Each structure stands twice: as structure tokens, then as C-alpha cells.
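Step one of this worksheet: look at the structure below.
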Amino acid sequence: MRYAICFTPAASDPLSYVAANWLGRNVFSGETVEPTAIRGLSIHEIAFHTAMPRRYGFHGVLKAPFRLAADVTEAQLLRDLMRFCGTLTPFHINRLEVARLGAFYSLVPSLPCEHAHYLASAVVQEFDRFRAPLSEAEIERTDPGGLSAAQFANLHRWGSPYVMDEFRFHMPLTGPVSHCDMPRVEQALRAVFEPVLADRVKVANVALMIEEGNGGPFRVHSLHPMGKVSARRDRVPALA
């Protein structure tokens, strides 16, 4: 069993609803969602392109999946995450947009968001003590030969190559897409998501996600509000 610390909008957020329909699974309940017909892509093509992100559910990773260290418990992780989130200040991502990252499509901030980068770095450092060391098999699955020197150092120090200066906040929407399919997939993604991307995205909670069984899908275990209880109703700064 593995855990991950992520951001995902609340279950009632329109973006969560649209993402669940696209991916074919609700990250909160874990239930399968019947895909909506989309012009230009068949249901089978959508299922194929979303197979990888469907397993993880709609999220933006802050701390990549990890197994608990031998000397800590889930209860301790929950307690410390709740305490940590109480020290954070909610913020907004100016807006998200559909973008291609290599062969994959994701939602990414339309402008750099320093607060998201700071949040991810703080989470990685604060909760590294809960992470069991990577096994040799887990290291090999990251394809260490294809990493830069900085990414390789991150892998061995933090358990993931894409942290600190190598981090880029993104919310995956597809697995790898072949070059010939990219125009149709991108057009479909824009048609599906752009109606709910006009507004800023409120980042006011951190999600603890849990893997069901060994290698099963991830779902939201718990949402942890950011900020002190007395301050959570205060205004949220508009920060890009």
C-alpha cells in the first residue's frame, strides 16, 4: 500500500465533475464513471488514452506515491498532515489550461505559480520522514538512465526525480499520445475542459491519497483544509 500527498478540487467542484467524466473514475468514491460521448474520439479511444491517469485519479501531485517507513503509522501521517495544513495559507492558481508535456496532456497553470511550487517543496521536505526508502525495482522503474544529474540526485534524496527545481505542477489527463493522434486528442480535451477553466482555481486543501491494495487505483483518503480553523472563512489571496 502506498500514499501520496496531492491537490485536487473538492468533490463538488465543476472541474472535479468534468475530470471524473473524462477519466472514467471518481477519485473520491473510486467508482467508475460512464464516459460522455465526445466528438472526434470514440469511447474506446478515450478509455485507451486515459488508462494511466484513471488509476491515479484527478490530482496534482505534491509528494509522489510512497510506502510508509517502518517506524511510522498512518495515524501519525494523518495527524502531522492536519497540523501542517493548519500552518498554510490558501491561494489561487490564476487559471489552468490544457497543455502537452512531452507525449502527455495535462492541466497546467497558464502562468508560473510560485505558491504551488513552494507548497510542493514544503510537502516533500516535511513528510520525507514518512517515506520508506525506494527498492531497487522502484528505482529501475523511474528509468534512472534517462534522468538529468539533478533529477537523479532528487530520486535518491527525495524518492522522486521531479521535485524542488525540477517540479512542475500539472494535473494529468492522458497517458502517452502518439503524434498522429495528438490533434484529435487535444481538440477533444479543449472542448471538454475549457468551459470550466475560465475561473481561478482555489487551492484551499491538501489531499492524502491512498492506493487500494498493491498496485490498485488511488482514491482520496482525506482532505485537509489549509489555514487555521478560525481563518478559513477569510478571503483567499489572488496569487498567480
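The values are calculated or read from the model by the stated rules, or taken from the named source; none is laboratory data. Every value quoted in this text rests on a predicted model; they were computed, and no experiment measured them. For neighbour counting, all protein chains shown are included, and Cβ atoms are generated from backbone atoms with ideal geometry for every residue, glycine included.
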Checked E136, E126 against criteria (within 18 Å of R157 (Cα to Cα), without any contact (Cβ under 8 Å) to a residue 12 or more places away in the chain and over 16 Å from the mean Cα position of the chain (by Cα)); the one match is E136
Residues that are of a type in the set (A, V, I, L, M, F, W, C), outside any helix (DSSP H, G or I) and touching a helix residue (DSSP H, G or I) at 6+ places or on another chain (Cβ under 7 Å), drawn from region 171-200: L173, V177
What is the one condition in (1) surrounded by 13 or more Cβ atoms within 10 Å (Cβ to Cβ); (2) assigned to a helix (DSSP H, G or I); (3) in contact (Cβ under 8 Å) with a residue 12 or more places away in the chain that A153 does not satisfy? (3)
Does region 158-170 include one or more residues that are over 30 Å from L78 (Cβ atoms) and part of a loop (DSSP other than H, G, I, E, B)? no
Determine, yes or no, whether I43 is more than 22 Å from F7 (Cα to Cα), among the β-branched types (V, I, T) and buried (at least 17 other Cβ atoms within 10 Å of the Cβ). no
Taking region 23-38 only, how many residues are of a type in the set (D, E, K, R), surrounded by fewer than 19 Cβ atoms within 10 Å (Cβ to Cβ) and touching a helix residue (DSSP H, G or I) at 6+ places or on another chain (Cβ under 6 Å)? 0
Out of A64, A19, A70, A10, sole residue that is of a type in the set (A, V, I, L, M, F, W, C) and either in a strand (DSSP E or B) or without any contact (Cβ under 8 Å) to a residue 40 or more places away in the chain (or both): A64
Only unsatisfied item for V163, checking (1) within 13 Å of K63 (Cβ to Cβ); (2) at pLDDT below 95, is (2)
Note down all Cβ pairs under 9 Å where the first residue falls in region 92-114 and is more than 16 Å from F167 (Cβ to Cβ), the second is among the aromatic types (F, W, Y) and part of a strand (DSSP E or B), and they're at least six residues apart or on different chains. V98/Y105
The correct count of residues that are in contact with a strand residue (DSSP E or B) (Cβ under 8 Å, 6 or more places away or on another chain), part of a helix (DSSP H, G or I) and exposed (fewer than 15 other Cβ atoms within 10 Å of the Cβ) in region 79-121 is 1
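Somewhere in region 56-67, is a residue among the basic types (K, R), crowded, with 20+ Cβ neighbours inside 10 Å and modelled with pLDDT of 95 or more?
The answer is yes; a qualifying residue exists.
Which residues, counting only those in region 169-192, are closer than 20 Å to G57 by Cβ and either more than 22 Å from the chain's Cα centre (by Cα) or surrounded by 16 or more Cβ atoms within 10 Å (Cβ to Cβ) (or both)?
First, pick out the residues of region 169-192 that are closer than 20 Å to G57 by Cβ: 169-177, 185, 188-189, 192.
Within region 169-192, F169, H170, M171, P172, L173, T174, G175, V177, V185, A188, L189, V192 meet the criteria.
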